[in-house]
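Each remark here refers to the structure printed beneath this line.
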Amino acid sequence: MPSDTVAIAADHAGVELKSLLRKEMEGMGLRVLDLGTDSETSVDYPDFGTAVARAITDGKASRGVVVCGTGLGISIAANRFKGVRAAPCGDATAARLARQHNDANVLALGARLVGVEVARDCLKIFLETPFDGGERHSRRIAKLG
Ligand code: RB5
């Protein structure tokens, strides 16, 4: 699977923001694997955090974006999978540091907490910022495994 595939999923609270972020990524030329949900009918966020985490552990995507009301429940679900590092981010600085220090491979956003412009900034920075690397950060990330 090409490394530019990004899996995205949301619960009903995040469905609108998901659709906007999906278009944003397609506009950047990225391949997007949209794992739902597709309507505002109430669903359970763990199912969608799990879907993105599985896409990563199965090698169908290299990165992911998950959206729920707060970004919390869906990130907790995704983080139950080995090798998945989902970071709930409320601003661009968090998104940058999640990449630089934590090598986060899933961005989690709270559609009820952040506005569209902040979410866009988080996405762009998350996708463009490399991991700082180095022994210190790598050692700590290895301990998460
Ligand atoms: C759904 O109402 C809400 O609980 C969910 O989107 C999320 O915020 C959970 O963490």
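Just a few scattered comments:
- Residue match in region 111-118 (condition: within 16 Å of the ligand (Cβ to nearest atom), closer than 13 Å to Ala10 by Cβ and among the charged types (D, E, K, R)): yes
- Taking the criterion of being among the small types (Gly, Ala, Ser), touching a helix residue (DSSP H, G or I) at 6+ places or on another chain (Cβ under 7 Å) and more than 19 Å from Ala61 (Cα to Cα), the only residue of region 78-94 that qualifies is Ala92.
- Filter result for Ala87 (touching a strand residue (DSSP E or B) at 6+ places or on another chain (Cβ under 7 Å), away from the ligand (no atom under 14 Å from the Cβ) and open to solvent by less than 60 Å² (accessible area, probe 1.4 Å)): yes
- Some residue of region 17-24 being of a type outside the set (Val, Ile, Thr), open to solvent by 50 Å² or more (accessible area, probe 1.4 Å) and more than 17 Å from Phe126 (Cβ to Cβ): no
- Taking the listed residues Leu20, Leu72, Leu107, Leu97, the one that is away from the ligand (no atom under 11 Å from the Cβ) and more than 20 Å from Ile141 (Cα to Cα) is Leu20, with no other qualifying.
- Which numbered condition Val52 fails, given (1) away from the ligand (no atom under 16 Å from the Cβ); (2) under 18 Å from Ser19 (Cβ atoms): (1)
- Scanning region 125-145 for residues that are open to solvent by 60 Å² or more (accessible area, probe 1.4 Å) and in contact (Cβ under 8 Å) with a residue 60 or more places away in the chain turns up just one, Gly145.
- Within region 25-77, the set of residues being part of a helix (DSSP H, G or I) and open to solvent by 60 Å² or more (accessible area, probe 1.4 Å) comprises Glu26, Gly27, Tyr45, Asp47, Arg54, Thr57, Leu72, Ile76.
The values are calculated or read from the model by the stated rules, or taken from the named source; none is laboratory data. The model shown is predicted, which means the values in this text are computed figures rather than measured ones. Using ideal geometry, Cβ is built from the backbone for each residue, glycine included, and neighbour counts are taken over all protein chains shown. Ligands, DNA and RNA are excluded from the accessible area calculation, which covers all protein heavy atoms including side chains. Shrake-Rupley method; radii C 1.70, N 1.55, O 1.52, S 1.80 Å.
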